[in-house]
Amino acid sequence: MKEHGLSANPTHSVWDRSLPPRLHIESGDEVHFECVDSSGAQVRRGMPVDEYLTIDRTLIHALTGPIFVEGAEAGDVLEIEVLALSHQGWGWSSVVEGLGFLKDRFHDPQLFHWQLDGDVTRSLAPAVVPLRPFLGVMGVARAEAGAFRTRPPGPFGGNLDVRELCAGSRLYLPVFNRGALFSCGDGHAAQGDGEVCINGIECPLDARLRFHLHKRQPLAGPLVESSEAVVPDSHPDAWVVVETGTDLVEAARGATLRMIELLVSRWGFSHVHAYILCSVAMRLRLSQVVNEPVHTVSAAIARQILPPRELFPI
């Protein structure tokens, strides 16, 4: 097992399996990623809103990577263990006309600056907001050839905006290309479910991630093993299935079906008993509703309900 470092620049803002890897690693290695904020370091402390409106939006998400995981092939699973995440003391949130869950109600542009003090921010008095940093984007290269903007997530991961992905969590992703070609970015110091105004607290983050490769394992889409360190009203210590789609109800059905299959395949439930368990114990919530036309739904069952299990033993 080796430790590596990867600077933010040069960043990239598309998924493209032809991008040359910036780093080659082995399964079990740890990587320290430097990630700029989602604007690609265009937003600065104290920037006025009129200047913010002129930033180059083709640079949004500004990902660090890709990294090539030796031995990874299509049909494998890549496990990303989130070891540590640290902010740099500041962040921002915005309102942009035509974007956000309530875009018909809020038209006037805003740029709000946050001072981040350790584990909280008091910038929006009288609220005291707890900080639980996470990477809004973690993903592998898509199966399709070509360049794709990073806004819509998918089975490859990407712009999931699932706030359970803080330090202590694990993300499992299906691999679609040789080397997996993992990238990450879009750091958030905090985010509510839905990310309704279009942003969390956007900020640069330093991330320490450890990678494990699981050979020839079926996985339909992103799966999260969350940590007790998450915000108490989130999904503490749970198995979280993440599903995206253009129809929220269909995405919720898809997440429920995937949770049923997980319970059947890993814990031996019958399909109907898994369905009943989901009805009495599963939490179903909106992780993001603003990456139109694609939205993200997460379905979670607390780990304490089930016998301990390593889904993909190393």
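Every number here is computed from the coordinates shown, using simple stated rules; none is lab data. If you're wondering where the values come from, they're calculated on a predicted model, not measured in any experiment. Every residue, glycine among them, receives a Cβ derived from its backbone with ideal geometry; neighbour counts consider all protein chains shown.
Some notes on this structure:
- Distant-in-sequence amide H partners of D29 (H built 1.01 Å from N, under 5 Å): K2, F211
- Rounded to the nearest 20 debye, the dipole magnitude of the chain is 480 debye, with +1 charges on Lys and Arg beta carbons, -1 on Asp and Glu beta carbons, and the Cα centre as origin.
- DSSP-assigned coil residues among trypsin sites (Lys or Arg not before Pro) in the stretch 49-144, each with at most 14 further Cβ atoms within 10 Å: R105, R122
- Per-residue ³J(HN,Hα) for the stretch 53-61, Karplus 6.51 cos²θ - 1.76 cosθ + 1.60, θ = phi - 60°, Hz, x for Gly and Pro: 5, 9, 5, 7, 7, 6, 8, 4, 5
- Residue exposure proxy: V280, V175, ordered by other Cβ atoms within 10 angstrom of their Cβ from fewest to most, comes out as V280, V175.
- At 0.692 mPa s and 37 °C, Stokes diffusion of the stretch 230-311 via Kirkwood alpha-carbon radius, µm² per second: 250
- Rg in Å to one decimal, and Dmax rounded to a whole Å, for the stretch 20-179 via C-alpha atoms: 17.6, 52
- Converting phi to 3J(HN,Hα) with the Karplus coefficients 6.51, -1.76 and 1.60 and the offset θ = phi - 60°, the stretch 178-184 yields 4, x, 6, 6, 8, 9, 8 Hz in sequence order, with x at every glycine or proline.
- ³J(HN,Hα), Karplus 6.51/-1.76/1.60, whole Hz, each residue of the stretch 272-280, x for Gly, Pro: 6, 6, 5, 4, 5, 4, 4, 5, 9
- Residue among D56, D161, D193 with the largest mean-square fluctuation in a Gaussian network model of the chain, springs linking Cα atoms under 10 Å: D56
- Ordering A189, L205, I80 by Cα displacement along the dipole of the chain toward the positive end leaves I80 in first place; charges were set at the Cβ atoms of Lys, Arg (+1) and Asp, Glu (-1).
- When both the stretch 18-68 and the stretch 263-286 are represented by their alpha-carbon centers, they are found 37 Å apart.
- Tensor-based shape of the stretch 171-285 (alpha-carbon gyration tensor, a/c under 1.5 rounded, otherwise prolate or oblate): oblate
- Only one of [x] 15.6; [y] 17.6; [z] 14.4 was calculated from the structure for mean projected area of the Cα convex hull in nm², and its label is [x].
- Taking the stretch 22-220 and dividing mean pair separation by its residue count, relative contact order in percent (alpha carbons under 8 Å, at least six apart): 37
- Ranking of I80, I55, I260, I198 by neighbouring Cβ atoms within 10 Å, starting from the fewest: I55, I198, I260, I80.
- Considering only the chain, percent of DSSP beta bridges that pair antiparallel, nearest 5: 90
- Residue order, fewest to most surrounding Cβ atoms within 10 angstrom, among Y275, Y172: Y275, Y172
- Take the Cα of L124, go 7 Å toward its beta carbon, and the backbone nitrogen atoms of the stretch 158-193 under 16 Å from that spot belong to 163, 188-193.
- In a DSSP loop and with at most 12 other Cβ atoms within 10 Å, the GluC sites (Glu not before Pro) in the stretch 210-314 are E228, E310.
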